[in-house]
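The values are calculated or read from the model by the stated rules, or taken from the named source; none is laboratory data. Since this is a predicted model, take the numbers as computed values, not measurements. Please note: Cβ atoms are built from the backbone with ideal geometry, for glycine as well, and neighbour counts cover all protein chains shown. In case anyone asks, the SASA skips ligands and DNA or RNA and just uses the protein heavy atoms, side chains included. Shrake-Rupley method; radii C 1.70, N 1.55, O 1.52, S 1.80 Å.
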Amino acid sequence: MKKFQGKSVFGGIAIGRIFLVQKGEQQIKRVKIEDIAAEIARFEEARDTAIAQLGTLYEKAIKEVGKPNAAIFEVHQMMLEDEDYIDSVKNIISSQSVNAEYAVASTEDTFAKMFASMEDDYMKERAADIHDISERVIAILSGRVSLGEMADGNRIVVADDLAPSETVQMDKEKVQAFVTVKGSVNSHTAILARTMNIPALIATPVPLVGDIDGKLAIVDGFEGVIYIDPDDNVLAEKRARQEEEEQKKQLLLQLKGKENVTLDGKKVKLYANIGNTKDLALVLKNDAAGIGLFRSEFIYLESDTYPTEEEQFEIYKTVAMAMGGKKVIIRTLDIGADKQADYFNMDAEENPALGYRAIRICLTRPDIFKVQLRALFRASVYGNLAIMYPMITSLEEVHQIKSIVEEVKNELKAEGIRFGQIEQGIMIETPVAVMISDLLAKEVDFFSIGTNDLTQYSLAIDRQNTKLDAFYQPHHLGILRMIKTVVDNAHAAGIWAGICGELGADFDLVPLFLAMGVDELSVSPGNVLPLRKLIREFDVEKQKDEVLKRLLK
């Protein structure tokens, strides 16, 4: 038995077999071959397998994210059928008597350089597609399994790290836990695990070697440990704990359909955070009152080019209709910092967290912003949509947003396109926004406090830097006082204030937030019912004074 200590980002016990994701560029060796015809046949077989895989992914993606977002898999199929690409690989094999892996890698290099050198932006972006299809064929030739090909369920995914583009093809029903060597509590892997309500570890020094693939493992999200080849005693102990947790979940299910109301009658909006339409089932399963944060940037991160208005419209429409009149708050594009999309062609920055991101991109590239706004307003007639804008630091930014919104609304009216009345709010994520929250409150319909970034900027700590974990204090008294200030200023202006960052699901702090008068908590779907239990057992009036003393320490 081997035991590795990591950092837990979501609790629970998972028992299953390891699915090892071996990442990074594949090291391709040039090997001289004797049977050219057999090698060409090997390439053709791998290409046919890749096309079949892409077809399966296309059908799966249509069901999960809609036809527009599935189109990339269809494009990749077409590229693998391109005669120039096929002829290049075959020619290299036959003229140089080399292995198919080397021929595919050489063709990839040639075609990628050709596309990258073109002036047309669309053609430039095809370089990434050439890389993807070639890597897929090479993986098949080398016998490497991809995330989309898990043979069975009860899998513990172990990787160096996982990007959004990699998890889109994953069969979530087969995944029991995530374990990564890198990552942070705010990484995509951590967010995905919390959304799926499964255990996950980051910063775990697991050796990513082939011999662990397929081995039985236990992930203990409570202790932050993964056991590989556990002995019988550990296996029995963890299975007992797993059964105990399952019983707790069953008890929580009795709270479905109940109100989120405290003992003294204060109602709290308890919403869910999601990244895409695939998460809707979890929102409904956990009985959230609405969606408090739809991370629309994942639409961009999971695409190889700018999502069109029609593509975005279909996604927002699907979410609005699925929620059946419940509130759906969509955060506008929050690309930048740790969330990069190559086709945005942004320059490298020494400090991206303080750089060109979120609303700053939208206001300086209004062509991109207006496409999203048009899609959002068009979708608003299909449900109860609201919009919130991230990374606001000034009144001027809010005024610019309003001006662009008016342009969009006037365009839609001129085209005879219907749209609904949409609540518009802003995220409070910087200390300066806190300081002028009394003024900002007069301009918007609601505040949503993004505690992840607020903590990062207030403490001057990069939340992705694991070396600073000891200094990262989300419970810092200064952070809590800022939240209280924002809530007070919101109420003074007659608007509501909520929390959509990780602190919203911090069970030690939720009583304090209730005492402060926070109106809404938006959390991962799996936290909705446990928080409902806490809310229904709390008496604000009786405990308010005692709880608020924490702010005066």
Quiz prompt | Whichever residue in the range 448-487 is more than 28 Å from G526 (Cβ to Cβ) and either in contact with a strand residue (DSSP E or B) (Cβ under 8 Å, 6 or more places away or on another chain) or touching a residue at least 24 places away in the same chain (Cβ under 8 Å) (or both) and, among such residues, is surrounded by the most Cβ atoms within 10 Å (Cβ to Cβ) | solution = T485
Quiz item: Are there any pairs, at least 6 apart or on different chains, whose C-beta atoms fall under 7 Å, with the first in the range 394-410 and open to solvent by 30 Å² or more (accessible area, probe 1.4 Å) and the second of a type in the set (D, E) and not in a helix (DSSP H, G or I), and if so, which?
Solution: L395/E443
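Yes or no: E309 surrounded by fewer than 20 Cβ atoms within 10 Å (Cβ to Cβ) and of a type in the set (D, E)? Outline the logic, then answer.
Details: surrounded by fewer than 20 Cβ atoms within 10 Å (Cβ to Cβ): yes; of a type in the set (D, E): yes.
Yes, satisfied.
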Exercise. Give the residues of the range 238-260 that are out of contact with any helix residue (DSSP H, G or I) (no Cβ under 7 Å at 6 or more places or on another chain) and either open to solvent by 90 Å² or more (accessible area, probe 1.4 Å) or β-branched (V, I, T) (or both), sorted by residue number.
Key: R239, E243, Q247, K248, K249, Q250, L251, Q254, E259
Quiz prompt | Selected residue (only one of A348, A322 is open to solvent by less than 60 Å² (accessible area, probe 1.4 Å) and on the phi < 0 side of the Ramachandran plot) | solution = A322
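Determine whether Q250 is closer than 24 Å to I535 by Cβ and over 26 Å from the mean Cα position of the chain (by Cα). Working first, answer last.
Values: closer than 24 Å to I535 by Cβ: yes; over 26 Å from the mean Cα position of the chain (by Cα): yes.
Judged against the criteria, Q250 is a match.
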Quiz prompt | Within the range 416-440, considering residues that are of a type outside the set (S, T, N, Q) and in a loop (DSSP other than H, G, I, E, B), the one nearest to I499 (Cα to Cα) | solution = E429
Quiz item: So, in the range 255-274, of the ones that are of a type in the set (S, T, N, Q) and in contact with a strand residue (DSSP E or B) (Cβ under 8 Å, 6 or more places away or on another chain), which residue ends up nearest to M516 (Cα to Cα)?
Solution: N260
Self-check item: Hits in the range 167-201 (condition: hydrophobic (A, V, I, L, M, F, W, C), farther than 18 Å from A505 by Cα and modelled with pLDDT under 75)
Solution: V168, M170
Self-check item: Cβ-Cβ under 6 Å pairs, at least 6 apart or on other chains, the range 520-539 side without any contact (Cβ under 8 Å) to a residue 60 or more places away in the chain, far side outside any strand (DSSP E or B)
Solution: L534/V510
Self-check item: the range 436-464, residues that are in contact with a helix residue (DSSP H, G or I) (Cβ under 6 Å, 6 or more places away or on another chain) and basic (K, R)
Solution: R463
Quiz item: Is it true that some residue in the range 171-189 is open to solvent by 20 Å² or more (accessible area, probe 1.4 Å), of a type in the set (S, T, N, Q) and over 26 Å from the mean Cα position of the chain (by Cα)?
Solution: no
Practice problem: For the range 271-305, enumerate the residues that are hydroxyl-bearing (S, T, Y), under 19 Å from S448 (Cα atoms) and either open to solvent by 40 Å² or more (accessible area, probe 1.4 Å) or not in a strand (DSSP E or B) (or both). | Solution: S296
Practice problem: Determine whether the range 365-374 contains at least one residue that is free of Cβ contacts under 8 Å to residues at least 12 places away in the same chain and more than 20 Å from the chain's Cα centre (by Cα). | Solution: yes
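Take K544 and tell me if it is open to solvent by 10 Å² or more (accessible area, probe 1.4 Å) and touching a helix residue (DSSP H, G or I) at 6+ places or on another chain (Cβ under 7 Å). Let's see the steps before the verdict.
Numbers: open to solvent by 10 Å² or more (accessible area, probe 1.4 Å): yes; touching a helix residue (DSSP H, G or I) at 6+ places or on another chain (Cβ under 7 Å): yes.
Yes: the conditions hold for K544.
When you check Y306 against the structure, is it of a type in the set (S, T, Y) and under 25 Å from E541 (Cα atoms), yes or no?
On the way: of a type in the set (S, T, Y): yes; under 25 Å from E541 (Cα atoms): no.
No: the conditions fail for Y306.
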Quiz prompt | Pairs where the first residue, in the range 257-282, is modelled with pLDDT under 90 and the second is part of a loop (DSSP other than H, G, I, E, B) and of a type in the set (V, I, T), C-beta under 9 Å, 6+ apart | solution = N276/V168; K278/V168
Quiz item: Since P511 meets every condition but one in (1) open to solvent by less than 10 Å² (accessible area, probe 1.4 Å); (2) without any contact (Cβ under 8 Å) to a residue 60 or more places away in the chain; (3) under 21 Å from Q543 (Cβ atoms), which condition does it not meet?
Solution: (1)
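Restricting attention to the range 504-518, which residues are within 24 Å of G275 (Cα to Cα) and touching a strand residue (DSSP E or B) at 6+ places or on another chain (Cβ under 8 Å)?
Initially, the range 504-518 is screened for residues within 24 Å of G275 (Cα to Cα), giving 504-507, 510, 518.
Hits for the range 504-518 are G504, A505, V510, V518.
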Quiz item: Out of the residues in the range 419-435 that are without any contact (Cβ under 8 Å) to a residue 40 or more places away in the chain and touching a helix residue (DSSP H, G or I) at 6+ places or on another chain (Cβ under 6 Å), which is surrounded by the fewest Cβ atoms within 10 Å (Cβ to Cβ)?
Solution: T430
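If I go through the range 190-209 residue by residue, how many of them are over 20 Å from the mean Cα position of the chain (by Cα) and open to solvent by 20 Å² or more (accessible area, probe 1.4 Å)?
As a first pass, look at the range 190-209 and keep what is over 20 Å from the mean Cα position of the chain (by Cα): 204-209.
Applying the additional criterion that residues be open to solvent by 20 Å² or more (accessible area, probe 1.4 Å) yields 205, 207-209.
Here the count works out to 4.
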Quiz item: What is the number of the single condition among (1) open to solvent by 50 Å² or more (accessible area, probe 1.4 Å); (2) not in a loop (DSSP other than H, G, I, E, B); (3) not basic (K, R) that L235 does not meet?
Solution: (1)
